[in-house]
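A short write-up of the structure that comes next.
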Amino acid sequence: MDISKILVDLKGRVLDVAHFDLLKHAYDLQEENIKQLKTNNDALKESNQLLQDEVSALKKVKDDLASENSVVRGMFPSDDIDLSEEADYVLKVFLSRDAINVFEKDLLKDAGVSIIRTQSGITELQEKGFVSYGRPLAGGNIIGLSPRGQKRLAKIQASSNK
C-alpha cells in the first residue's frame, strides 16, 4: 500500500498544504529507508549463506586434518608405551651396562630372568621400535638401542636419579 497516494487523496480535505508536504516528505524518507533495509537484509542473507558455506568447508577441512593427524600419529607411536616386565628387564641391562649396543648372549645372561622371558622382552622391544638387531660379530648378535629406545632409557635414568 502506497501511503503517498493516500496522502495525495487527502490533500486539501484534512491537511493544509504545508503539513501535507512535511508528512509526504517524512513518508517518502521512510519508504526509502524500508527499501534500503530490505536491500541490506537481502545482502545479509546472502552473506550469511556464504559464511555458512565457508564454515561447512572449514569443518570438512578440520575433519580431514584430524583424520590425517591420527594416521600420522599412528605412524609415530608415543614413547610412553606401557612395556611388559620382560621388556623392562632387557632395558635395565642396557642401563646397567651404560651401553647402546649389547651382545644378545649378554642380555640373556644379565637380564636376571629365563631365556624365554628375556627373548620375549627383546621381541617386544623390537616390535615397538626400541631396539634392533645389528650386524653379527664374532661375539654373536648385537642388539642396539634405537633413538626411541635411547630416549626411553634417558627418561628412566632421569626419573631414577630424582
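Here are some notes:
- The residue 43 and residue 21 beta-carbon pair, evaluated with R₀ = 41 Å, returns a calculated FRET efficiency of approximately 0.80.
- Amide H to amide H, with H built 1.01 Å from N, residue 141 comes under 5 Å of 104, 105, counting only residues 5 or more places away or on other chains.
- When the C-alpha to C-alpha distance is required to be over 32 Å, the pairs from 105/151; 60/151; 59/155 that qualify are 60/151; 59/155.
- Solvent exposure, largest accessible area first (probe 1.4 Å, DNA, RNA and ligands not counted), of 89, 133: 133, 89
The values are calculated or read from the model by the stated rules, or taken from the named source; none is laboratory data. Source: prediction; values computed, not measured. Here Cβ is always computed from backbone atoms with ideal geometry, including for glycine, and neighbour counts include all displayed protein chains. When the accessible area is computed, the model is the full protein with side chains, heavy atoms only, and any ligands, DNA or RNA have been set aside. Shrake-Rupley method; radii C 1.70, N 1.55, O 1.52, S 1.80 Å.
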